[in-house]
1. Only one residue in 8, 22, 27 is modelled with pLDDT under 95 and open to solvent by less than 70 Å² (accessible area, probe 1.4 Å), so which one is that?
2. Collect the residues in the stretch 60-76 that are in contact with a Ser or Thr (Cβ under 6 Å, 6 or more places away or on another chain) and among the β-branched types (Val, Ile, Thr), keeping them in residue-number order.
3. Taking only the stretch 43-55 into account, find how many residues are open to solvent by 80 Å² or more (accessible area, probe 1.4 Å) and closer than 16 Å to residue 23 by Cα.
4. If I filter the stretch 42-50 for residues that are of a type outside the set (S, T, N, Q) and within 16 Å of residue 80 (Cβ to Cβ), do I get at least one hit?
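The values are calculated or read from the model by the stated rules, or taken from the named source; none is laboratory data. Model, not experiment: these values are computed from the prediction. Cβ: placed from backbone, ideal geometry, glycine included. Neighbour counts: every protein chain shown. Only protein heavy atoms, including side chains, enter the accessible area calculation; ligands, DNA and RNA are left aside. Shrake-Rupley method; radii C 1.70, N 1.55, O 1.52, S 1.80 Å.
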Amino acid sequence: MSKDGQVVDLKFMAAQGENVEVCFEPVGTTFSLSDGESIFLRTVIANVASLEIISWPKGIGVWVPYPGNYTILDSEGNEIDTL
């Protein structure tokens, strides 16, 4: 991914003692996080301005420009999915 430009990791996290679902659209990939768990969206920094992030109680929707090159990482930095 770095050949396309500088990359950034955007963190999405559940508050301590809470649960939250993070859904990446338009593909609908969803992750359930609880009690301080986090995931990261890795993308080129040029995409950040085009992201649409919507939150509601117990949920976060992240709309990414599609198609694109996006990687989902766990809190340890391991790749767990690609969009």
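1. 27
2. Correct list: 71 only.
3. Looking only at that region, the number is 3.
4. Checked the stretch 42-50: at least one residue is of a type outside the set (S, T, N, Q) and within 16 Å of residue 80 (Cβ to Cβ).
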